[in-house]
1. Lysines within cross-link reach of residue 293: Cα-Cα under 21 Å, excluding same-chain residues under 8 positions apart?
2. Which pairs break 19 Å Cα to Cα here: 368/421; 48/347; 362/444; 42/184; 360/393; 42/352?
3. Rounded to the nearest 0.05, what FRET efficiency is calculated for residue 92 and residue 440 with R0 set to 60 Å and r the Cβ-Cβ distance?
4. If I fit a long axis through the Cα atoms of helix 216-229 and take the longest principal axis of the Cα atoms of the chain, what angle between them do I get, 0 to 90°, rounded to 10?
5. For the chain, list the cysteines whose Cβ sits under 4.7 Å from no other cysteine Cβ?
6. Scan region 80-131 for GluC sites (Glu not before Pro) in coil per DSSP, keeping those whose Cβ has at most 13 other Cβ atoms within 10 Å, and list them by number.
7. If the chain between residue 24 and residue 447 were fully stretched, how many nm would it gain, using 0.36 nm times the residue separation less the Cα-Cα distance?
8. Could you list the GluC sites (Glu not before Pro) in region 209-293 that lie in coil according to DSSP, counting only those with at most 16 other Cβ atoms within 10 Å of their Cβ?
Amino acid sequence: MEKIVSLAKRRGFVFPASEIYGGLAGFWDYGPQGVELVNNLKQLWWRKMVQEQDNIFGVDGAIIQSPKLWEASGHVAGFTDPLVDCKNCGARHRADHLAGTDSTDIAELTKLLEDTVCPTCGEKTLTPPRTYNMMMKTWVGPIEDDSARTYLRPETAGSIFTNFKNVMDSMHPKLPFGIAQIGKAFRNEIAPRDFIFRVRELEQMEMQYFIQAKTQDEVYEAWRQFAWNFMITELGVREENLQWHEHEENERAHYAAAAHDIYFKFPHGFKELWGTHNRTDFDLTNHARASGKDLSYLDEETKERFIPYVIESSVGVGRMLLAVLADAYREDDLGGEVRTYLALAPKIAPVKAMVSPLLKNKPELVLKAREVRAELKKIHPAIAWDDNGNIGKRYRRQDEIGTPFCVTIDFDTLGETPELKDTVTLRHRDTGEQERLTLSEVAKRIRLAIE
Ligand code: GAP
């Protein structure tokens, strides 16, 4: 993990939020390469989940909604984590983490932690476990009292359910259909940790698929498979780094009747990455009851009216980014030196290719290299320029941000060796190998790789 954190900082992927003020636990900023990678992950998910589907619609809801939403959804009462306090040193710990279990059952945790000492001070002075609501609170308007209190959304799913009727009325879809959303969510985690794995401000990519109850098992399986395939086929993650984890009853969220997580082999172990949940008719039933609005669906053919069931697919953008970085991080021996590189799938790499003139003080080389870059930018705008330091250093910098190709323009490109005129050197990130190709061949290679 230390190596990934260090590379992420050094190369502009992830910075601690408010770093010059000492940071703020659980909050992180994305730097120039990080934001490109994040955008690539989100765009790919959106394309596969929304644009390539005929029956999934996107929304972009407000982060702050009516507090009634979170009362009806059960989050005000049930979105809790178990915690213990230390009476001696004041430290707070997640009770389930301390007990080494996935269960959040208070009676079970009380028993498990009976003889446990505080990991901070070593004293046997822990309070019995209690639940703690993780929603971040705020006030709307100038008066900070309970009547103005609301919450920063803890999951994006909330405004998908409250827009169920709006999407039905505006798009007239037939079951099954889905509503998808990408956006920020906030959780006042007791113990944010493991770099960007557990944070307090996160971004989620969620899709709620509305179905007839009788299809719940097969639809659940299909969306589990979608997540698994996305990680392998789209992001190029190695299958041995993925595992299934089925939630026991005492581990499931208050709304879920079944839940399967994809666990990824993060540097701190196999942990949750992407969840598929069967939320049944829990949310729509509760929102219909609390709002007094009809959230049922009328099947035109059978004339049957019912509240649809929901299968949810939910993944955190930051966790996906960490998984991708951890999967792609490699060290090898190249030319007698240890080098670090990110074997990112070209379609998600922040930079697709870097163009450079062999020498920056030769105007004719620079001019030609600029022309080559302009040509390659027609394929994809993320074509970088680097003429700083020697060529080896430039390659190493690009290796560390996962740039799949480097293109170098030298005197042969200009015709010093006549048969090599208009050819360039294409250098491959993973092997360090170089080939001499025409510009159109290079363009074709890049185009194919990023498809
Ligand atoms: N709408 C369902 C839902 O929110 P969840 O299992 O609580 O379910 C879904 O969260 C996903 O969001 C997780 O699988 C994880 O990828 C991400 N996630 C949840 N809490 C997180 C946190 N504190 N920091 C980073 N990512 C988090």
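A short reminder: the numbers here are calculations on the coordinates, not readings from a lab. This one's a predicted model, so the numbers in the text were calculated from it and none came from an experiment. Don't worry about glycine lacking a Cβ; one is built from the backbone with ideal geometry, like all the others, and counts go over all protein chains shown.
1. 68, 165, 174, 303
2. The pairs that break the limit, which is 19 Å between Cα atoms, are 362/444.
3. 0.45
4. Helix 216-229 sits roughly 30 degrees off the main axis of the chain.
5. 406
6. Qualifying residues, ordered by number: 114, 123.
7. My answer for the length gained is 148.2 nm.
8. Filter output for region 209-293: 248.
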